[in-house]
1. Which condition breaks for residue 74 when tested against (1) over 20 Å from the mean Cα position of the chain (by Cα); (2) of a type in the set (S, T, N, Q); (3) crowded, with 16+ Cβ neighbours inside 10 Å?
2. Exactly one of these conditions fails for residue 70: (1) of a type in the set (Phe, Trp, Tyr); (2) at pLDDT below 95; (3) within 30 Å of residue 140 (Cα to Cα). Give me its number.
3. Across segment 124-163, what is the total count of residues that are touching a residue at least 40 places away in the same chain (Cβ under 8 Å) and exposed (fewer than 14 other Cβ atoms within 10 Å of the Cβ)?
4. So is residue 97 touching an Asp or Glu at 6+ places or on another chain (Cβ under 9 Å), modelled with pLDDT under 95 and within 22 Å of residue 38 (Cα to Cα) or not?
5. Can you go through 29, 58 and tell me which one is of a type in the set (D, E, K, R), touching a Ser or Thr at 6+ places or on another chain (Cβ under 7 Å) and not in a loop (DSSP other than H, G, I, E, B)?
6. Applying the selection to segment 114-134, what residues are under 22 Å from the mean Cα position of the chain (by Cα) and farther than 29 Å from residue 96 by Cβ?
7. Taking segment 135-151 as the search range and keeping residues that are under 24 Å from residue 77 (Cβ atoms) and assigned to a loop (DSSP other than H, G, I, E, B), which one is nearest to the chain's Cα centre (by Cα)?
8. Looking at residue 78, is it assigned to a helix (DSSP H, G or I) and touching a residue at least 40 places away in the same chain (Cβ under 8 Å)?
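The values are calculated or read from the model by the stated rules, or taken from the named source; none is laboratory data. Owing to the predicted nature of the structure, the values given are computational and were not obtained by experimental measurement. Virtual Cβ from ideal backbone geometry, glycine too; neighbours counted across all protein chains shown.
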Amino acid sequence: MSSHILLYSICFALFAPQLEAAETAADLRAQIATGGTHANDKQRNSVSVDRCVMTTKRWRNRPEHGWVLWSSFQFDMWNAELAYLQKNPPKNYIYAGEVEEPNPSGLVLVGFKMRGETTARFEKSKFRPRKGETTASPRGDGTSHYYERIEDFFFSMQGENVEAKAKLFTDSYIAYVRQYCTPIG
């Protein structure tokens, strides 16, 4: 009987940290999504994470077409570094706006730069100009969007409380990449 207890104790000791880490990974993914999601009457933003691949989406409300997927970035998180670092005060994003309490309003930019020779997939609406080589996206009938490969990019959010969302997003992004996307992690 004591050998079964010893076996259960060993299994618990080995697998309990992994169960706890999986919960933490889910929490961080949820925080990244919450921090990267924002909507107003002109645009909507969303972020999703599947393991270590992030997808950002931005829809624009165009009077003649309604809500259009304007841009989407998909990239390997390990290969993407936060690029817009505000120095004073230090932040992992750029913020400009009013400091109104209780709901400050402004514009935030969260930038990324891909490491080495890696690129991100940039999906764009046909209503946006092409820059360089493109391939058709399978979205819709295959003519509404196209892909470009890029090395640096940003997403923006505008409106109330976007600075708090950017802080949540960038802090959670850094923690998630360090804990779950590093080659030795």
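1. (1) is the only condition that residue 74 fails.
2. (2)
3. 1
4. Yes, satisfied.
5. Criteria check complete, one pass: 58.
6. Once the filter is applied, which keeps residues that are under 22 Å from the mean Cα position of the chain (by Cα) and farther than 29 Å from residue 96 by Cβ, segment 114-134 yields 116, 117, 118.
7. 151
8. Spelling it out, residue 78 is indeed assigned to a helix (DSSP H, G or I) and touching a residue at least 40 places away in the same chain (Cβ under 8 Å).
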